[in-house]
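Everything on this sheet refers to the single structure shown next.
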There are 2 protein chains.
Amino acid sequence: MSATSQLDPTARFLMGPGPSDVHPRVLKAMATPLIGHLDPQFIAIMDDVMDMLRRLLQTKNEVTFPVSATGSAGMETCFVNLLEPGDEALVCVNGVFGNRMCDNVERGGAKLVRLDAPWGSIIEPAEVKKTLEGCSPKLVAIVHAETSTGVLQPLEEISKIVHDAGALLLVDTVTSLGGTEILVDEWGIDAVYSGTQKCISAPPGLSPVSFGPAAVEAMDKRKTRVQSWYLDLSMVRKYWAGAKRAYHHTAPISMVYALYEALSLIFEEGLEARFARHRRNHELLRQGLEELGFEFLVPSEYRLPMLNAVKIPAGVDDAAVRRRLLDEYNIEIGGGLGDFSGKVWRIGLMGCSCTQNHVNMLLAALRTIMKM
Amino acid sequence: MSATSQLDPTARFLMGPGPSDVHPRVLKAMATPLIGHLDPQFIAIMDDVMDMLRRLLQTKNEVTFPVSATGSAGMETCFVNLLEPGDEALVCVNGVFGNRMCDNVERGGAKLVRLDAPWGSIIEPAEVKKTLEGCSPKLVAIVHAETSTGVLQPLEEISKIVHDAGALLLVDTVTSLGGTEILVDEWGIDAVYSGTQKCISAPPGLSPVSFGPAAVEAMDKRKTRVQSWYLDLSMVRKYWAGAKRAYHHTAPISMVYALYEALSLIFEEGLEARFARHRRNHELLRQGLEELGFEFLVPSEYRLPMLNAVKIPAGVDDAAVRRRLLDEYNIEIGGGLGDFSGKVWRIGLMGCSCTQNHVNMLLAALRTIMKM
């Protein structure tokens with residue numbers, strides 16, 4: 001048997017926490033023949049990708065490009081470049097990704113201060129303020145869209161509090177970027193990272209990051225080398241944004257093609273239209289799920305449109321239902337992570353997976369499987 | 001103008017140090033619609049990829065899978081997992097990638113011992129032996145195929161010396177894997193990393209790694225956490241090779257498809273046939289280049305077939321010739337790195353770029369441009 005015939009996965013509808021469905025134009029973009037990572041034509045594509053990322057993040061930050069690995073490497077990039085051993089960092093934790101940030105801080109030898117809130121709740125600005133009275137961190141890190149709980153974290157008030165305390169604000173936008181508004185400059189976000197496989201609807205493999213002037217200054221003032229060679233932005237930025245594009249590592253060319261095409265699709269749709277589509281289909285899903293008796297984990301005012309966490313009704317077999325959704329309907333939804341394992345489903349409406357047809361298919365399948 | 005029309009790079013012949021040309025079947029594989037990174041069908045693909053990597057590396061190592069980033073991250077993965085702060089490591093340096101290894105050792109807080117040899121020469125086993133009389137490293141690192149110079153490093157004798165000294169042997173096979181024989185188990189290599197964009201002829205974006213029993217034991221005995229969250233194999237291996245495939249990060253699915261297809265192509269051709277093709281076309285290129293008056297940097301017995309470093313003749317404008325090759329012939333070759341910048345060209349014959357047609361095209365173009 002030819003090996004080719006085995007690379008023939010069943011067509012799925014990806015409605016979990018990512019990856020999301022990818023537009024055929026993006027799939028086709030990845031099949032574009034390769035050119036060199038220092039080819040003038042590739043550098044022109046890189047320039048366009050950086051411009052589009054700046055527009056998407058609504059920032060003028062020069063240091064704005066995709067790191068050559070998935071979203072969690074974007075997280076690590078931010079921590080290893082901004083913190084030095086002995087620095088203090090305050091991490092706000094209300095889900096799995098806040099915990100992962102803490103892990104990053106500790107591995108870098110920085111001093112961790114945690115501010116915990118219940119999973120499914122936001123981080124309250126007043127709590128941040130209170131915590132900052134007892135410490136003087138270089139950096140405060142917070143998750144904009146907590147993929148493990150479906151919480152959308154308001155950032156403007158916290159940004160002011162963080163800057164009043166003289167700290168940098170680092171924000172995780174892995175799940176929100178491309179699906180809801182993120183105003184990096186207006187909100188005063190100093191450093192941000194994201195992923196390509198959520199609302200941008202490109203395959204996983206790159207992590208857009210953006211560093212503002214204060215974050216760049218913090219990097220430039222380092223006394224120690226960044227602990228990671230691969231993620232050291234003092235070198236990576238010379239390849240992406242330097243006057244002379246200096247070789248650092250070989251960029252994942254096909255993934256950059258994919259991101260280029262996915263960003264192009266975003267601007268063809270328009271940011272406002274795209275964000276409205278995410279809100280609209282979230283509303284349709286919410287209505288349908290509530291009619292079926294589901295309860296949302298997060299209060300309505302703080303719900304992410306693109307990641308809907310609902311409580312699994314009592315008596316329902318988590319794994320069995322998700323397996324039937326996958327096997328009989330080719331629909332993937334996500335189970336709970338960490339404390340929410342077995343208790344919560346996470347239904348993604350991200351990018352190309354955010355359509356009324358996706359919502360309708362899922363609701364119909366759930367109705368049948370759960371005999372609701 | 002539609003953005004799509006801009007993603008239309010000129011078709012190139014990639015004869016530099018990587019990426020190499022990618023087979024149409026691999027390009028097509030990347031356009032395969034995405035499924036989830038925990039989908040049972042994706043896990044089956046992962047299993048096949050691991051099996052094929054083991055066959056390619058000729059190893060039984062269970063911990064054999066691609067790290068979710070390019071080759072340099074594979075290098076970093078090996079160092080951060082095998083070394084702890086204070087450990088001693090001996091790095092053999094005869095080119096850029098040996099230097100990069102030293103950088104990795106230092107960033108991890110380990111104690112570096114360097115053994116330098118002139119660029120373009122091999123590391124002599126006797127020198128390794130002598131150096132090991134003055135230190136007791138946990139690890140000896142060496143490059144099998146030095147991409148900056150074109151040296152093929154013999155490993156068997158050094159492996160014996162390293163193990164007699166009680167150290168682990170770590171080998172960089174980024175440029176050699178898929179183009180020449182690598183016998184991980186027979187040669188006693190404890191840890192190895194590679195890249196996908198050289199002789200495997202997949203796009204850049206993944207780094208195959210393999211850890212043998214002694215390396216796994218060293219990881220398991222660590223007293224400190226690995227400094228990188230993203231590259232911490234104690235977690236990553238649970239996703240790739242654990243009994244229950246535990247979520248760590250979202251794998252770059254399309255890149256895994258590409259690697260699957262590229263590895264399938266390798267085994268359809270057959271390892272022996274593939275290695276013979278690399279030797280044959282290297283010989284054709286050597287003959288042609290020598291007829292044009294070029295001199296090789298490396299003595300014939302230690303030349304890599306897939307990376308041919310030749311001295312730029314006196315009076316020839318390095319950048320101008322390479323620019324004409326690219327603009328007029330769509331052929332990319334590589335310039336010199338580091339000390340060899342402006343002095344050496346690096347001509348790759350890797351994977352799909354290793355054909356007699358590639359050789360003939362390049363020789364004809366050089367003949368015309370350089371009026372030889």
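The values are calculated or read from the model by the stated rules, or taken from the named source; none is laboratory data. Model, not experiment: these values are computed from the prediction. Reconstructed Cβ throughout: ideal geometry from the backbone, glycine too, with neighbour counts over all protein chains shown.
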Search the stretch B:238-258 for residues being touching a residue at least 24 places away in the same chain (Cβ under 8 Å) and surrounded by fewer than 21 Cβ atoms within 10 Å (Cβ to Cβ), and hand back the single one that is farthest from residue B:39 (Cα to Cα). B:241
Could you tell me whether the stretch B:272-280 includes any residue that is within 13 Å of chain A (Cβ to nearest Cβ) and either assigned to a helix (DSSP H, G or I) or under 26 Å from residue B:29 (Cβ atoms) (or both)? no
Can you pull out the residues in the stretch B:285-298 that are assigned to a helix (DSSP H, G or I) and surrounded by 18 or more Cβ atoms within 10 Å (Cβ to Cβ)? B:285, B:286, B:289
Among the candidates A:136, A:159, residue that is without any contact (Cβ under 8 Å) to a residue 40 or more places away in the chain and among the hydroxyl-bearing types (Ser, Thr, Tyr): A:159
In the stretch A:101-149, which residue that is of a type in the set (Asp, Glu) and either within 14 Å of another protein chain (Cβ to nearest Cβ) or under 13 Å from residue A:298 (Cβ atoms) (or both) is surrounded by the most Cβ atoms within 10 Å (Cβ to Cβ)? A:146
Qualifying residues in the stretch A:243-271 (those that are closer than 20 Å to residue A:193 by Cα and small (Gly, Ala, Ser)) - the one farthest from the other protein chains (Cβ to nearest Cβ): A:262
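Yes/no per residue for (1) under 25 Å from residue A:339 (Cβ atoms); (2) in contact with an Asp or Glu (Cβ under 7 Å, 6 or more places away or on another chain); (3) aromatic (Phe, Trp, Tyr); (4) buried (at least 24 other Cβ atoms within 10 Å of the Cβ):
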{"site": "A:59", "(1), (2), (3), (4)": "no, yes, no, no"}
{"site": "A:63", "(1), (2), (3), (4)": "no, no, no, no"}
{"site": "A:66", "(1), (2), (3), (4)": "no, no, no, yes"}
{"site": "A:70", "(1), (2), (3), (4)": "yes, no, no, yes"}
{"site": "A:82", "(1), (2), (3), (4)": "no, no, no, yes"}
{"site": "A:88", "(1), (2), (3), (4)": "no, no, no, no"}
{"site": "A:99", "(1), (2), (3), (4)": "yes, no, no, no"}
So if I check each of A:328, A:301, A:261, which one is part of a helix (DSSP H, G or I) and free of Cβ contacts under 8 Å to residues at least 12 places away in the same chain? A:301
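Listed here are the residues, each with its yes/no results for (1) assigned to a loop (DSSP other than H, G, I, E, B); (2) charged (D, E, K, R); (3) within 30 Å of residue B:80 (Cα to Cα); (4) under 21 Å from the mean Cα position of the chain (by Cα).
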site	(1), (2), (3), (4)
A:163	no, no, no, no
A:192	no, no, yes, yes
A:197	yes, no, yes, yes
A:224	yes, no, yes, no
A:234	no, no, yes, no
A:247	yes, no, yes, no
Tell me yes or no: at least one residue of the stretch A:54-65 is within 29 Å of residue B:8 (Cβ to Cβ), modelled with pLDDT of 95 or more, within 9 Å of chain B (Cβ to nearest Cβ) and in contact with a helix residue (DSSP H, G or I) (Cβ under 7 Å, 6 or more places away or on another chain). no
What is the residue count in the stretch B:238-274 for residues that are out of contact with any Pro (no Cβ under 8 Å at 6 or more places or on another chain), of a type outside the set (Ser, Thr, Tyr) and over 16 Å from residue A:72 (Cα atoms)? 20
Going residue by residue through the stretch B:319-332, is there one that turns out to be hydrophobic (A, V, I, L, M, F, W, C) and within 29 Å of residue B:29 (Cβ to Cβ)? yes
Just a yes or no: is a residue in the stretch A:310-318 within 14 Å of another protein chain (Cβ to nearest Cβ) and either out of contact with any Phe, Trp or Tyr (no Cβ under 8 Å at 6 or more places or on another chain) or closer than 23 Å to residue A:98 by Cβ (or both)? no
Reported set for the stretch A:9-36 where residues are under 21 Å from residue A:209 (Cβ atoms) and within 7 Å of chain B (Cβ to nearest Cβ) is A:18, A:19
What is the residue count in the stretch A:361-371 for residues that are in contact (Cβ under 8 Å) with a residue 60 or more places away in the chain and either more than 16 Å from residue A:320 (Cα to Cα) or assigned to a helix (DSSP H, G or I) (or both)? 5
Those residues that are within 14 Å of chain B (Cβ to nearest Cβ) and free of Cβ contacts under 8 Å to residues at least 40 places away in the same chain, I need them from the stretch A:202-229; list them, please. A:225, A:229
Quick check on residue A:353: is it surrounded by 13 or more Cβ atoms within 10 Å (Cβ to Cβ), hydroxyl-bearing (Ser, Thr, Tyr) and within 11 Å of another protein chain (Cβ to nearest Cβ)? yes
Taking the stretch B:329-350 and keeping only residues that are among the charged types (D, E, K, R) and within 14 Å of chain A (Cβ to nearest Cβ), one is left with B:332, B:346
Residue list for the stretch A:29-47, filter: surrounded by fewer than 17 Cβ atoms within 10 Å (Cβ to Cβ) and touching a residue at least 60 places away in the same chain (Cβ under 8 Å): A:43
Would you check which residues across the stretch A:314-325 are free of Cβ contacts under 8 Å to residues at least 24 places away in the same chain and either part of a strand (DSSP E or B) or under 13 Å from residue A:370 (Cβ atoms) (or both) and list them? A:314, A:315, A:317, A:320, A:322
Given (1) in contact with a helix residue (DSSP H, G or I) (Cβ under 6 Å, 6 or more places away or on another chain); (2) touching a residue at least 12 places away in the same chain (Cβ under 8 Å); (3) within 7 Å of another protein chain (Cβ to nearest Cβ), residue A:233 misses just (3)
So which residues in the stretch A:204-220 are surrounded by 24 or more Cβ atoms within 10 Å (Cβ to Cβ) and within 17 Å of residue A:56 (Cβ to Cβ)? A:206, A:207, A:208, A:209, A:210, A:211
Which of the residues belonging to the stretch A:28-60 are under 20 Å from residue B:257 (Cα atoms) and either of a type in the set (D, E, K, R) or not assigned by TED's automatic domain parsing to the domain that holds residue A:242 (or both)? A:28
Specify which of the listed residues (B:216, B:256, B:184) is on the phi < 0 side of the Ramachandran plot and in contact with a Phe, Trp or Tyr (Cβ under 8 Å, 6 or more places away or on another chain). B:256
